[in-house]
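As structure tokens, the structure follows; a few thoughts come after it.
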Amino acid sequence: MSHRQEMRSEETKAALLAAAAELFSQKGFDTVTIREIAKAAGCSHTTLYIYFKDKEALLYELSVNPLQSLQLQMEHVLCNHALSHEERLTKVSSQFIQFCLLHRTMYTLFFMVKASRIDVEAQPGAELQSLRTKLFELLRTALLSCLPDEKNEERALAFARIYFYTLHGIIGTYTKSEETMEQLMERLAPTFEMSVEVVIKGCKQLMEKERV
């Protein structure tokens, strides 16, 4: 393949991904067809199949790099032992919220489409779901490190779920906001941080109540 052909191939692939992202965001993953994506990208549906096996392959290609980048950022924070456990949890929570607000048009695609349980190991071949599970596990680890040692695995998982629901509740509140991510964080960061503090204190109180 010549250099010109390679460039044209990359341009076609990029156009298909851009068209898929826009259509998925506007109409929903399940509604959009392969033919619609190809037409929006200015090529035939047979051309699309040269680059992508199906819609799930497009979803994965759109999601993997951003989610892997978020994973690396969160891992970097959790490895920073100069911070307290609570500071690490607050920081990764902020990273997660900022990421989702920055990519709010893709938020549902990244985390909800073709999703299965994120608190169990993904099935072989489910690469996107595996990434989602890793992110959940990082958040779970960050929360549990702030709590007394919890021997009851079911309750530890329940705490992680409550925390995860809290983060997604925050994000869902602002996915349609006209404010930018920076504006939202400037205005609401203290409230977001307080929500993390409330989750920690609530979990600790429940654990103390059990011990009494």
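Values in this text are rule-based calculations from the coordinates and carry no lab data. Everything numeric here is computed off the predicted structure, so don't read it as measured data. Positions of Cβ are backbone-derived with ideal geometry, glycine not excepted, and every protein chain shown enters the neighbour counts.
Measure nothing but the geometry: give the 0 to 90° angle between the long axis through the Cα atoms of 85-102 and the longest principal axis through the Cα atoms of the chain, rounded to 10°. With rounding to tens, the tilt is 30 degrees.
Against the longest principal axis of the chain, how steep is helix 127-144, in degrees 0 to 90 to the nearest 10, with axes from Cα atoms? With rounding to tens, the tilt is 20 degrees.
Quick check on my link table: of Lys39/Lys134; Lys134/Lys201; Lys91/Lys134; Lys39/Lys114; Lys176/Lys209, which ones sit more than 27 Å apart, alpha carbon to alpha carbon? Beyond 27 Å between Cα atoms: Lys39/Lys134; Lys176/Lys209. Taking loop as defined by DSSP and a crowding limit of 14 other beta carbons within 10 Å, which trypsin sites (Lys or Arg not before Pro) in the stretch 137-192 fit? Of the trypsin sites (Lys or Arg not before Pro), the ones in loops of the stretch 137-192 whose Cβ has at most 14 other Cβ atoms within 10 Å are Lys151, Lys176.
The helix-only estimate of mean residue ellipticity at 222 nm for the chain, built from DSSP H runs of length n ≥ 4 each weighted as -39500 (n - 2.57), is -25000 deg cm²/dmol after division by the residue total. If you take all other residues with their beta carbon under 11 Å from the beta carbon of Arg155, and give Lys and Arg +1 and Asp and Glu -1, the sum is -2. Against the chain, whose longest principal axis comes from its Cα atoms, helix 55-78 is set at around 40 degrees.
Count Lys and Arg as plus one, Asp and Glu as minus one, and take only other residues whose Cβ is under 15 Å from that of Thr191; the net charge is then -3. Each residue of the stretch 27-36 was assigned a 3J(HN,Hα) from its phi angle through the Karplus expression (A = 6.51, B = -1.76, C = 1.60, θ = phi - 60°), giving 10, x, 4, 5, 7, 6, 9, 4, 4, 4 Hz with x at Gly and Pro.
From the Cα trace of the stretch 1-52, what convex hull volume per residue do you get, rounded to a whole Å³?
On the way: hull volume 3.2 nm³, N = 52.
Looking at the stretch 1-52, the number lands at 62 Å³ per residue.
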